[in-house]
Amino acid sequence: MRFKLIIDQTKDEEIVATVHSRCGLTDKIEALVMDHSGTDRIPAYTQDEMKTLRFSDIECITVLDGKIYAIDTQARHYRLKHRLYELEGLLPSSFIRINKSALANEDRLDRFAVTYCGAVDAIFKCGHTEYVSRRCFAQIKRRFDSK
């Protein structure tokens, strides 16, 4: 198998793969290409600064006091100007809804923990904990079972 990457900013972006047959790898490549929206960053704000967060650095996006926040790998909170439903369309497929007001980066999920009352919490690698609704947990379980 050969791999060839040509970077030319004067041409339109095009991805062509020539394979003998369709397989799991080709499906993953296709999903990666189709999920890529041309950017892997989003503007984020704190009290005194604005920066661009890479999608891979975001652990969770949640609603706090009616405002959308991204929580990064260091457990810092950044305000986002997008609505949650807009972010769902913008983010790659590794982001999954875990409740009515939160999206999780499944690559940054550490584990799920059952609380004493039977509820499920998502615990992220940075230590942040977010409630998982029963409906979303069923969808997450089906998603992990299919992998």
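Just so you know, all these numbers are worked out from the coordinates, no wet-lab data involved. These numbers were taken from a predicted model, which means no experiment stands behind them. Cβ atoms come from the backbone with ideal geometry, glycine included; neighbour counts cover every protein chain shown.
Ignoring everything except DSSP H segments at least 4 long, calculate the 222 nm mean residue ellipticity for the chain; use -39,500 (n - 2.57) per segment, divide by total residues, nearest 500.
On the way: 3 runs with 31 residues, N = 147.
-6500 deg cm²/dmol, from helical runs alone.
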Surpassing 23 Å at the alpha-carbon level, of the pairs K28/K125; K100/K141; K4/K28; K51/K141; K81/K141, are K28/K125; K51/K141; K81/K141
For a quick check of your reading of the filter: which chymotrypsin sites (Phe, Trp or Tyr not before Pro) in the stretch 1-95 sit in a DSSP loop and have no more than 16 other Cβ atoms within 10 Å?
F3
Separation between Cα centres of the stretch 34-83 and the stretch 93-147, rounded to whole Å:
18 Å
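Using only the alpha carbons of the chain, what is the convex hull's orientation-averaged projected area in square nanometres? Working shown, then result.
Values: hull surface 47.2 nm².
Answer in nm², one decimal: 11.8.
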Per-residue Cβ neighbour rank within 10 angstrom, fewest leading, M50, M1:
M1, M50
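R0 = 30 Å: FRET efficiency of E13 with R83, Cβ-based, nearest 0.05? Mind dumping the intermediate values first?
Working: r = 28 Å, r/R0 = 0.92.
Result of the calculation: an efficiency of 0.60.
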